[in-house]
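J.: First, the structure itself, so that you have it in front of you.
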Amino acid sequence: MIVVIVLFQSGVFLSTIATLSTVLQTPVRLTNACVSNGGIQSHDMRVLQLLRKISNGTLAANAGLSTVTYIPGEPLGGNFFAEAGRLGYEPTK
């Protein structure tokens, strides 16, 4: 299995890379993700968690960290829900 290693400093492309990883079913490891903002933000984590659900994949990441390992599985059918939130907003559980 090939893992793509991508180095970047901003969270701008995080959801795009993770989405392409899901569509192409290619595992990806992102390092130095969002380091200028103190690591992966909660709104980025919500996108990653939704993609993990949709693809029945594996995600190793936590808000505040700067490394993400995402291994997408086969895309699932059905309805999926995620709290979109906004930058700096933490939804209630």
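J.: When both residues are 6+ apart or on different chains and their Cβ atoms are under 8 Å apart, which pairs have a first residue that lies in the stretch 40-63 and is in contact (Cβ under 8 Å) with a residue 40 or more places away in the chain, and a second that is surrounded by 19 or more Cβ atoms within 10 Å (Cβ to Cβ)?
T.: 41/11; 41/34
J.: Something else now. Go through the stretch 36-52 and give me each residue that's open to solvent by less than 60 Å² (accessible area, probe 1.4 Å) and modelled with pLDDT under 90.
T.: Residues satisfying the conditions are 38, 39, 40, 41, 42, 43, 44, 45, 46, 47, 48.
J.: To continue, here is another question. Taking interchain pairs and intrachain pairs at least six residues apart, which have beta carbon atoms under 7 angstrom, with the first residue in the stretch 65-79 and closer than 19 Å to residue 43 by Cα and hydroxyl-bearing (Ser, Thr, Tyr) and the second open to solvent by 40 Å² or more (accessible area, probe 1.4 Å) and assigned to a loop (DSSP other than H, G, I, E, B)?
T.: If the second residue must be open to solvent by 40 Å² or more (accessible area, probe 1.4 Å) and assigned to a loop (DSSP other than H, G, I, E, B), the pairs left are 66/32.
J.: Further, regarding this structure: Out of (1) in contact with a strand residue (DSSP E or B) (Cβ under 7 Å, 6 or more places away or on another chain); (2) modelled with pLDDT of 75 or more; (3) hydrophobic (A, V, I, L, M, F, W, C), what's the single condition that is false for residue 6?
T.: Among (1) in contact with a strand residue (DSSP E or B) (Cβ under 7 Å, 6 or more places away or on another chain); (2) modelled with pLDDT of 75 or more; (3) hydrophobic (A, V, I, L, M, F, W, C), residue 6 violates only (2).
J.: Every residue in the stretch 62-76 that is aliphatic (A, V, I, L, M) and either over 22 Å from residue 39 (Cβ atoms) or touching an Asp or Glu at 6+ places or on another chain (Cβ under 9 Å) (or both), please. Before you say what the answer is, go through the steps one by one.
T.: We begin by selecting, within the stretch 62-76, every residue aliphatic (A, V, I, L, M); these are 63, 65, 68, 71, 76.
Hits for the stretch 62-76 are 63, 68, 76.
The values are calculated or read from the model by the stated rules, or taken from the named source; none is laboratory data. This structure is a prediction, so every number in the text was calculated from the model and none was measured. All Cβ positions, glycine included, derive from the backbone under ideal geometry; neighbour counts span all protein chains shown. Surface accessibility is based on the protein's heavy atoms, side chains included, excluding ligands, DNA and RNA. Shrake-Rupley method; radii C 1.70, N 1.55, O 1.52, S 1.80 Å.
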